Structures are given as structure tokens and as C-alpha cells.
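Notes to accompany the following structure.
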Amino acid sequence: MISSGFTALVFAAVLFAIGLWGRRNADKLVLSGISPRAQRTKKRSIRRGAVGCQLGAAVFSGLAVMEFVIWFTRR
């Protein structure tokens, strides 16, 4: 169905936005009361999670494109 393609696009947009926000704000999201080494570790972890969200967005975008291609070729 075409609605599943749009749903995948919505998921892709949300995941990409969360990933972008996480990468940009990793420094602000880490507590300042922990040691510098722990802060660096947390920042790296947050950025890895943000990249994971963006990769998930790419997967959902690919699924949406495949859904639209299948839908338009069967018409």
C-alpha cells in the first residue's frame, strides 16, 4: 500500500531529525559533574547513537522508495 510508503518516510524524517539533533547537541547533553574522561566517553556514545538514528532513517527511506517503486510498477 502507498500509505506504508508514507509511514516509512515519516519514520525516516523523525529518525533523521533526532540523529541530527543528537550530533549537534552531544556536548550539551552530557552532565558537567562527571570526570572529563567520562564526559568524552558519553559524548562519543551519544554521537554513535545519533549516527545510528541517521542510518535507521536511511533504511526507512530505502523502504519507502522500494514501496513507491513497487506500487507504481503494478499500476
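The values are calculated or read from the model by the stated rules, or taken from the named source; none is laboratory data. Here the structure is a predicted model, which means the values were calculated and not measured. Positions of Cβ are backbone-derived with ideal geometry, glycine not excepted, and every protein chain shown enters the neighbour counts. The area values use the complete protein model at the heavy-atom level, side chains included, leaving out ligands, DNA and RNA. Shrake-Rupley method; radii C 1.70, N 1.55, O 1.52, S 1.80 Å.
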Exactly one condition in (1) of a type in the set (D, E, K, R); (2) open to solvent by less than 90 Å² (accessible area, probe 1.4 Å); (3) closer than 26 Å to Phe6 by Cα is false for Lys43; which is it? (3)
Selection status of Phe6, within 15 Å of the chain's Cα centre (by Cα), touching a residue at least 24 places away in the same chain (Cβ under 8 Å) and open to solvent by 70 Å² or more (accessible area, probe 1.4 Å): no
If Arg74 satisfies all but one of (1) within 15 Å of the chain's Cα centre (by Cα); (2) within 30 Å of Ser3 (Cα to Cα); (3) not polar (S, T, N, Q), what's the number of the condition it fails? (1)
Right, Leu55: over 9 Å from the mean Cα position of the chain (by Cα), among the hydrophobic types (A, V, I, L, M, F, W, C) and at negative phi or not? no
If you go through Ala13, Ala38, Ala17, the only one that is out of contact with any Cys (no Cβ under 8 Å at 6 or more places or on another chain), open to solvent by less than 50 Å² (accessible area, probe 1.4 Å) and in a helix (DSSP H, G or I) is Ala38
